[in-house]
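**Student:** This is the structure I have questions about; it appears just below.
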Amino acid sequence: MQKQDFNIRINGEPFHCAQPITVYDLLVYLDIDIKANIVEYNHDILDVNKLRTTFVQEHDRIEIITLVGGG
C-alpha cells in the first residue's frame, strides 16, 4: 500500500495533507477566492488554468498572494 499522508508549506506554515489533492481543491478547502489571489507554486506563478490539474506533492511550497486594489 502506498503512503498518502504528506506535508507541504502554505505561506511558510506547515500543512498536513491526508490524501492527494489538487491546488484548486486545496484553495477551495481553505476558502481562498481564486479570482482575488495569485498562487505561487514552488517559486513559479501557477496559471489559473493549471490549478485543477496540478497535484500537490510532499515538500511543495505554496504562497497565496492576495491582490489589493486602491486609488
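**Student:** Charges on Cβ only, +1 for Lys and Arg, -1 for Asp and Glu, centred on the Cα centroid of the chain; of THR53, VAL39, ASN11, which one is farthest towards the dipole's positive end?
**Tutor:** Farthest towards the positive pole: THR53.
**Student:** Check which residues have an amide H placed less than 5 Å from ILE21's amide H, if you skip close sequence neighbours.
**Tutor:** Correct list: VAL56.
Just so you know, all these numbers are worked out from the coordinates, no wet-lab data involved. Quick caveat, the model's predicted, so the values are computed rather than measured. So basically every Cβ, Gly included, is an ideal-geometry build from the backbone, and we count neighbours across all protein chains shown.
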